[in-house]
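Undergrad: One structure, pasted below without further comment.
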Amino acid sequence: MPLVYLDQNTLIELGVRARRAEFREKLDSVIGSGRITAVVSSWHLIETANTANLANAVELAEFIDSLRPVWLLERRNIQKLDVQEDFWRFLKLEFPPRPRVATRSAVIAALNGEADAPKFDISSRAFVEQWIKHPEQLAVLKEPYAKNAIALTAMREATKAGKITQEVRPRTDEEFVRGLLTAVTPTGVAVGPDTARNYIEKVNLAGIPSLAIETAIADHEWTEVGGADRNTLIDKFHLISALPYVDEIVSGDKFFHKVFPVAQKTGHVKARLVGNAEFLGRF
């Protein structure tokens, strides 16, 4: 049962076509047979709520849930798991790998830094309606892309000025990992500061899937013009999270297709990139 991650525009086009009964029947048949499992993320809901048109947003939110999708953890949560598991391998500890796809409630709970609980088992429509009616809540969730835009612009300027050197890079990698590192072992034993320091000093981002992919894309972007707009940055959040953990990503987005070969060079890309026409032609 392949995991198929749908980008926002694909999801919208699929929803428009599903208004036709004949297409909807074919779509339901494919999903019901298990030929594909749709994958979405919290960013789909955030993008859906980024509008003043409540009716359209509600329709799309309800369509998302009608696909009975599994939900991909948000990028930061995935990176924490990737670093955590790399750290445990470094310590030669056994651990059960955690899936990066889960239920909607588990993903929303993780986004809030909490364990899954009934209070997070809310429909996509309810989340979207809440965020549209209270845009200040949505602004907090969208803050990461604003910070990323500032950081990307700063890194481009630093690269042009020759400030990003081989001496500086390891220190930036260490700080990146430090902010993601777990403080306990799989059995809950506290990790000593010397042990954590030893790992951080030896860490190799190339061996950590989501970090390797983000670094490869970032290195490419630092030397490119453009790409710091809102849509491109959110596209990047989608891509970094999905590439190592789904079977297909469906998108017609030029940014996806531009950086996909860059990400593939890391050796961590599991997904195949599929265009909208090819995917929609299956129904």
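Each row is one residue, and each column tells you yes or no for (1) under 18 Å from E129 (Cα atoms); (2) touching a strand residue (DSSP E or B) at 6+ places or on another chain (Cβ under 9 Å); (3) among the hydrophobic types (A, V, I, L, M, F, W, C).
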site	(1), (2), (3)
P2	no, yes, no
Y5	no, yes, no
I12	yes, no, yes
R19	no, no, no
G32	no, no, no
S42	yes, yes, no
A49	yes, no, yes
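Undergrad: Taking only segment 66-98 into account, find how many residues are surrounded by fewer than 15 Cβ atoms within 10 Å (Cβ to Cβ) and either within 30 Å of A18 (Cα to Cα) or polar (S, T, N, Q) (or both).
TA: 1
Undergrad: Among the residues of segment 104-121, what is the count of those that are within 19 Å of the chain's Cα centre (by Cα) and crowded, with 17+ Cβ neighbours inside 10 Å?
TA: 7
Undergrad: Filter segment 1-46 down to the residues that are within 20 Å of the chain's Cα centre (by Cα), surrounded by fewer than 18 Cβ atoms within 10 Å (Cβ to Cβ) and in a loop (DSSP other than H, G, I, E, B) and list them by number.
TA: P2
Rundown of residues vs (1) at pLDDT below 95; (2) within 23 Å of V246 (Cβ to Cβ), yes/no style:
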position	(1), (2)
D82	no, yes
D116	yes, yes
I122	yes, no
A146	yes, no
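Undergrad: Any residue in segment 253-272 that is modelled with pLDDT under 95 and surrounded by fewer than 20 Cβ atoms within 10 Å (Cβ to Cβ) sitting within a Cβ distance under 9 Å of a residue that is among the hydroxyl-bearing types (S, T, Y) and not in a helix (DSSP H, G or I)? List the pairs, counting only those 6 or more apart or interchain.
TA: So the pair list comes out as H257/S251.
Undergrad: Right, next: Name the residues in segment 67-87 that are in a helix (DSSP H, G or I) and charged (D, E, K, R), would you?
TA: Listed by number, the residues that qualify are R75, R76, K80, D82, E85, D86.
Undergrad: Just one of the numbered conditions (1) closer than 30 Å to D28 by Cβ; (2) touching a residue at least 12 places away in the same chain (Cβ under 8 Å) is not true of P99; which one?
TA: The failed condition is (2).
Undergrad: Inside segment 50-94, can you point out the residues that are of a type in the set (F, W, Y) and in contact with an Asp or Glu (Cβ under 7 Å, 6 or more places away or on another chain)?
TA: Hits for segment 50-94: nothing passes.
Undergrad: Given (1) more than 30 Å from V189 (Cα to Cα); (2) part of a loop (DSSP other than H, G, I, E, B); (3) of a type outside the set (K, R), where does I64 come up short, assuming only one miss?
TA: Status for I64: all satisfied but (2).
Undergrad: Sticking with this structure for a sec: Of everything in segment 47-61 that's among the small types (G, A, S) and either at pLDDT 95 or above or part of a helix (DSSP H, G or I) (or both), which residue is surrounded by the fewest Cβ atoms within 10 Å (Cβ to Cβ)?
TA: Among those residues, the one meeting the criterion is A55.
The values are calculated or read from the model by the stated rules, or taken from the named source; none is laboratory data. All values reported here derive from a predicted model rather than from experimental measurement. Methodologically, a virtual Cβ is constructed for each residue, glycine included, from the backbone with ideal geometry; neighbour enumeration extends over all protein chains shown.
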